[in-house]
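Below is one structure, written out as structure tokens; the observations come after it.
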Amino acid sequence: MPYPMISKNVALAAVFTVMHVVTLPLMAQEGKGASAAATGNGPEAAVEQGKAKAIELCQGCHQFKGADQAGTVGPPLLAMKARFPDPAKLRALIYDAQKASKPYTMMPPFGRNGLVSEQDIEHIIAFLYTL
């Protein structure tokens, strides 16, 4: 029985997602100090750490201010405070988008797979709320 045709974009997005998830642990080992570059504990430091983590993890799929790449897989990250007035919903989406949003989303379950810590998620949310 022949397989149903899928669009080229969906196939490319699936390949990219798999490659991204496979290489994340390696990238994290290489740049352990990179996300801790800002050593302060204030809100500005949290935003800077969140920006560094978002650039590391999110720019391949999402477009946002400060990113080096123009991600075209996921929606652009803008007006995040207006789109997610409840930070718990955004936290759940970053932790496990498949459970929080749609079971067939392309977004990797960063928290569930241990790719980010709870503190990393808080920092990412602090950064996203500046967009």
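Rundown of residues vs (1) part of a loop (DSSP other than H, G, I, E, B); (2) among the charged types (D, E, K, R); (3) closer than 12 Å to F127 by Cα, yes/no style:
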position	(1), (2), (3)
K51	no, yes, yes
E56	no, yes, no
Q69	yes, no, no
P75	yes, no, no
K81	no, yes, yes
I94	no, no, no
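Evaluate the following for M106: is it among the aliphatic types (A, V, I, L, M), at pLDDT 90 or above and surrounded by fewer than 20 Cβ atoms within 10 Å (Cβ to Cβ)?
Answer is no for this residue.
Pick from segment 109-125 the residues that are without any contact (Cβ under 8 Å) to a residue 40 or more places away in the chain and not in a loop (DSSP other than H, G, I, E, B): which of them is surrounded by the fewest Cβ atoms within 10 Å (Cβ to Cβ)?
Among those residues, the one meeting the criterion is E118.
Please count how many residues of segment 44-59 are among the small types (G, A, S) and surrounded by fewer than 18 Cβ atoms within 10 Å (Cβ to Cβ).
Number of matching residues: 1.
Within segment 80-120, how many residues are at positive phi and of a type in the set (V, I, T)?
Here the count works out to 0.
Give the residue, chosen from L77, L128, that is at negative phi and touching a His at 6+ places or on another chain (Cβ under 6 Å).
Going through L77, L128 in turn, just one is at negative phi and touching a His at 6+ places or on another chain (Cβ under 6 Å): L77.
The values are calculated or read from the model by the stated rules, or taken from the named source; none is laboratory data. Predicted model, so just to flag it, every value in this text is computed and none were measured. As a convention, Cβ positions derive from the backbone with ideal geometry for all residues, glycine included, and neighbour counts pool all protein chains shown.
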